[in-house]
1. Using a Förster distance of 25 angstrom, determine the FRET efficiency expected from the C-beta separation of Glu173 and Asp194, and round it to 0.05.
2. Which longest run of the chain has no exposed loop site in it, a site being trypsin sites (Lys or Arg not before Pro) in a DSSP loop with at most 14 other beta carbons within 10 Å, and the site itself not part of the run?
3. Among Val12, Val115, Ile159, pick out the residue whose Cα is farthest towards the positive end of the charge dipole of segment 3-177, where Lys and Arg carry +1 and Asp and Glu carry -1 on C-beta, about the Cα centre.
4. Cα atoms only: what Rg and Dmax, in Å, come out for segment 197-300?
5. Report, in debye and to the nearest 20, how large the dipole of the chain comes out about its Cα centre when Lys and Arg carry +1 and Asp and Glu carry -1 on their Cβ.
6. Accessible area per residue for segment 3-177 in Å², computed with a 1.4 Å probe and the full protein assembly in place, what is it?
7. Hey, what number do you get for the chain at 222 nm if only DSSP H runs of n ≥ 4 count, each worth -39500 (n - 2.57), divided across all residues, to the nearest 500?
8. Using Cα-Cα distances under 8 Å and only pairs 6 or more residues apart, what relative contact order does the chain have, in percent?
Amino acid sequence: MTDKQKDDQAEVTRSGYVAIVGRPNVGKSTLLNRILGQKISITTRKPQTTRHQIIGVKTEQGSQVIYVDTPGLHRDRKEALNRYMNRAASNALRDVDLVIFVIDRTAWTDEDELVLAKVNQVRCPVILVINKVDKLKDKDILLPVIKNLSSHMSFAEIIPVSASKGDNVDLLEAAINSRLPVGIHYFPEDQITDRSERFLAAEVIREKIMRRLGDEIPYQVTVEIEQFRSEGKLLRISGLILVQRTGQKRIIIGNKGEQLKAIGSDARKELEKLFASKIMLNLWVKVKSGWSDDERALKSLGYDD
Ligand SMILES: Nc1nc2c(ncn2[C@@H]2O[C@H](COP(=O)(O)OP(=O)(O)OP(=O)(O)O)[C@@H](O)[C@H]2O)c(=O)[nH]1
Ligand SMILES: [Mg+2]
């Protein structure tokens, strides 16, 4: 019996794990959100935004795709946090049915090389996604890149897309769906992620900090949710923003508390949409020096394999 005939039998379902990997900032999380039609993974202009594996589930007509968004693989291994992030990305390549390797147009770097070496070792098919093509005037300049990469590795498909505009994302999904193995669904049809509401809330707050602040500080910040409680129609959330040094605390709070107020207001608006509820958000900033290079501190802050 062909796979198609198998599908025609009503009880046959398909499912598979699909890892989305690539160096930082190529648009992996933007792509996941686009495919899901909902934002579950934070995105910013800065590299090293995603710090954890984040699962996004899409169930449609008997098929369930379980996408795994990952931190960008990078060379910097100086702090325990960097090592945790690289581990999270590498581990995502284990036991998946398909890999999506995302690159940014023709901007090939040695970190892409690092990713290529890793995906070259996986046994499952790898789809190469060339992202941000909306920024290209002349798409023909991709041809030498495609030719060169194809000589280093045999890709199941090579698909140029724009994750932010949505161009060709339907083609990509069709390519993914056509490679899904027959299997049971692991998640209920209406579940979109494996992450808790507290996790999502902390990430939204971190995104607003990264988006508002300069280049240095975001990497020194993590957010812990201290309270997440429903009170009638209101959701009360308290977030603790941890930084490494007093100077950073001062910058996040800003002149007369203006910066923290703006961050809180950005975060509250997005959380109200996300949780479809009125939100009372309280934010505090505290110095906890060295958290990003301290294995125990990282574990207690949720950076736990
Ligand atoms: N023009 C354009 N910009 C894009 C596209 N996809 C993503 N971006 C932008 O690229 C930046 C990085 O996007 P992310 O989705 O955060 O990238 P990432 O690969 O998840 O990054 P890390 O989590 O740091 O590894 C953001 O500013 C996005 O808006 C695209 O198709 N076109
Ligand atoms: Mg990301």
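The values are calculated or read from the model by the stated rules, or taken from the named source; none is laboratory data. Because the structure is a prediction, the values reported are computed rather than measured. Glycine gets a Cβ as well: all are built from the backbone with ideal geometry, and neighbour counts include every protein chain shown. Calculation scope for accessible area: heavy atoms of the full protein, side chains included, ligands and nucleic acids excluded. Shrake-Rupley method; radii C 1.70, N 1.55, O 1.52, S 1.80 Å.
1. Working: r = 20 Å, r/R0 = 0.81.
E(calc), rounded to 0.05, equals 0.80.
2. Values: sites that count: Arg45, Arg75, Arg77, Lys78, Arg94, Arg123, Lys137, Lys165, Lys233, Arg245.
In the chain, the maximal stretch lacking such sites is 166-232.
3. Val115
4. Expressed in Å, the Cα Rg and Dmax of segment 197-300 come to 13.5, 40.
5. Numbers: 49 positive and 42 negative charges, 266 e Å.
The dipole magnitude comes to about 1280 debye.
6. Values: 7720 Å² over 175 residues.
Per-residue accessible area for segment 3-177 comes out at 44 Å².
7. Numbers: 10 runs with 105 residues, N = 305.
The helix-only estimate for the chain comes to -10500 deg cm²/dmol at 222 nm.
8. Working: 535 pairs, mean separation 54.2, N = 305.
Once normalised by length, the contact order is 18 percent.
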